[in-house]
Amino acid sequence: MTTLITGGSGFIGSHMVAFLLSNECDFIVLDNLSNSDNYNIQQLEKKFNKKISFYKVDLTDLENTEQIFSDNNIQKVIHLAALKSVNESIQYPDLYFTNNVTGSSHLIYLCKKYEIKNFIFSSSACVYGQPEYLPINEKHHLQPTNPYGDSKVAVEDLLTRDDYFQNHCSTKILRYFNPIGAFDDGLIGERPLGKPNNLMPYILGVVQGLYPVLRVYGNDYNTLDGTAIRDYIHIMDLIDAHVCALNDNNIGVEIFNVGTGQGYSVLDIISTFNQVNGTQIPYEFHPRRQGDVEACFADVSKIKTHLGWCASRDLNMMCQDAYNFSIKK
């Protein structure tokens, strides 16, 4: 029984690969490498002394994607492949629709054709847009403020409206909040191509001397310190949530928030990172970015009740593991 991981070279995907290797599971990786490179995969191959079955294929290429299904006994799919920059999606909305929605529709078609039994879709808290209340539960209105969030809603709709996924497949839609951290020994971590759009890889870029100063976007939000608040979750807690979802065989589509339920501001993250790692991250304030929301953190009671999962790693560990990766790579 083989698990297909789309986007398996990316931050989340490579950590999923690390878990599956650690547990000697059978899997294959698909990635077009448009948003990542092979570094994490190569590091894992060295650590586990095992060649990873890797296909450099774009999901928008239906013919070559189907060949992967034809050649492998795929029973489970973890769909992580997507472009994910909010700012870039505002600049190139058509690109985001083609890559994220058209590519996903091809994958959905093949999952039905080859009768996949378990399917996990990587969605995002971005689908909620500006929160009407906090913490956000899964019943909150979907009102994304950017094309990236729109693309996630579109794929969610494809799944929830499809008879196969509702009545013949165990389908889990996981709405991630903000994963940070790294694999336990710092062997792999987040490696964005180009200048990062997310906070932690930007901090790590400053640590590595790639950027002279951290840009903090917005210090005039209605929060305690004026900076935006997010729900940060350790990447390995996020992977544990995937494992719980993958092992649940109840038929139908279920949607779960995946976060800690705790909100931290940008300045909270910088302060904790400095305290834990003995650093002094220089930063400067810049205007808010289009599409960003003031505060966003999760109500995680549903996933705890239905799947028995909750986050176990604290913010100190998130910052420490991320730093360990930055100084090892």
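The values are calculated or read from the model by the stated rules, or taken from the named source; none is laboratory data. Keep in mind it's a predicted model, so treat the numbers as computed, not measured. Note: ideal-geometry Cβ built from the backbone for every residue, glycine included; neighbour counts use all protein chains shown.
Taken residue by residue, region 152-168 has at least one member that is under 14 Å from the mean Cα position of the chain (by Cα) and buried (at least 22 other Cβ atoms within 10 Å of the Cβ). Evaluated against (1) modelled with pLDDT of 95 or more; (2) crowded, with 19+ Cβ neighbours inside 10 Å; (3) among the β-branched types (Val, Ile, Thr), Thr102 falls short on exactly one condition, (2).
Here Ser53 meets each of (1) over 16 Å from Leu246 (Cα atoms); (2) surrounded by 17 or more Cβ atoms within 10 Å (Cβ to Cβ); (3) at pLDDT 95 or above; (4) small (Gly, Ala, Ser) with one exception, condition (2). How about region 304-324: which of its residues are buried (at least 21 other Cβ atoms within 10 Å of the Cβ) and out of contact with any helix residue (DSSP H, G or I) (no Cβ under 7 Å at 6 or more places or on another chain)? Listed by number, the residues that qualify are Met318, Asp321.
Within region 203-228, the set of residues being surrounded by 21 or more Cβ atoms within 10 Å (Cβ to Cβ) and either within 19 Å of the chain's Cα centre (by Cα) or among the aromatic types (Phe, Trp, Tyr) (or both) comprises Ile203, Leu204.
Give the residue, chosen from Lys172, Lys139, Lys152, that is closer than 25 Å to Asp240 by Cβ, part of a helix (DSSP H, G or I) and either of a type in the set (S, T, N, Q) or at pLDDT 95 or above (or both). Spell out the reasoning first.
Values: Lys172 fails: part of a helix (DSSP H, G or I); Lys139 fails: part of a helix (DSSP H, G or I).
On inspection, the qualifying residue turns out to be Lys152.
In summary, Lys47 fulfils each of the numbered conditions (1) part of a helix (DSSP H, G or I); (2) of a type in the set (Lys, Arg); (3) within 22 Å of the chain's Cα centre (by Cα) with the single exception of condition (3). On the stretch given as region 11-34, residues that are buried (at least 21 other Cβ atoms within 10 Å of the Cβ) and modelled with pLDDT under 95 total 0.
Please go through region 106-128 and pick out each residue that is more than 22 Å from Ile12 (Cα to Cα) and in contact with a helix residue (DSSP H, G or I) (Cβ under 7 Å, 6 or more places away or on another chain). If the condition is that a residue be more than 22 Å from Ile12 (Cα to Cα) and in contact with a helix residue (DSSP H, G or I) (Cβ under 7 Å, 6 or more places away or on another chain), then Leu110, Lys112, Tyr114 are the ones that fit.
Taking helices (runs of 4 or more DSSP H) that do not extend beyond region 194-311, which have at least 2 residues that are more than 15 Å from Tyr176 (Cβ to Cβ), among the hydroxyl-bearing types (Ser, Thr, Tyr) and modelled with pLDDT of 95 or more? Even if it seems obvious, please write down each step before you answer.
Working: elements: 199-207, 235-247, 266-277, 301-307.
Per the criteria, 266-277, 301-307.
Could we say that Gln290 is without any contact (Cβ under 8 Å) to a residue 12 or more places away in the chain, surrounded by fewer than 17 Cβ atoms within 10 Å (Cβ to Cβ) and of a type outside the set (Gly, Ala, Ser) here? In short, no. Residues that are crowded, with 22+ Cβ neighbours inside 10 Å, in a helix (DSSP H, G or I), among the β-branched types (Val, Ile, Thr) and on the phi < 0 side of the Ramachandran plot are absent from region 111-118 altogether.
Of all residues being within 11 Å of Asn146 (Cβ to Cβ) and not aromatic (Phe, Trp, Tyr) in region 85-98, which is surrounded by the most Cβ atoms within 10 Å (Cβ to Cβ)? Just the residue, please. Break it down stepwise before answering.
Here is the first cut: in region 85-98, the ones within 11 Å of Asn146 (Cβ to Cβ) are 85-91, 93, 96.
Those still in the list that are not aromatic (Phe, Trp, Tyr) too: 85-91, 93.
Values: Ser85: 18, Val86: 21, Asn87: 15, Glu88: 18, Ser89: 24, Ile90: 16, Gln91: 10, Pro93: 15.
The residue in question is Ser89.
Can you tell me which residue in region 66-104 is nearest to His242 (Cα to Cα), limited to those that are in a helix (DSSP H, G or I) and hydroxyl-bearing (Ser, Thr, Tyr)?
For region 66-104, the residue satisfying everything is Ser104.
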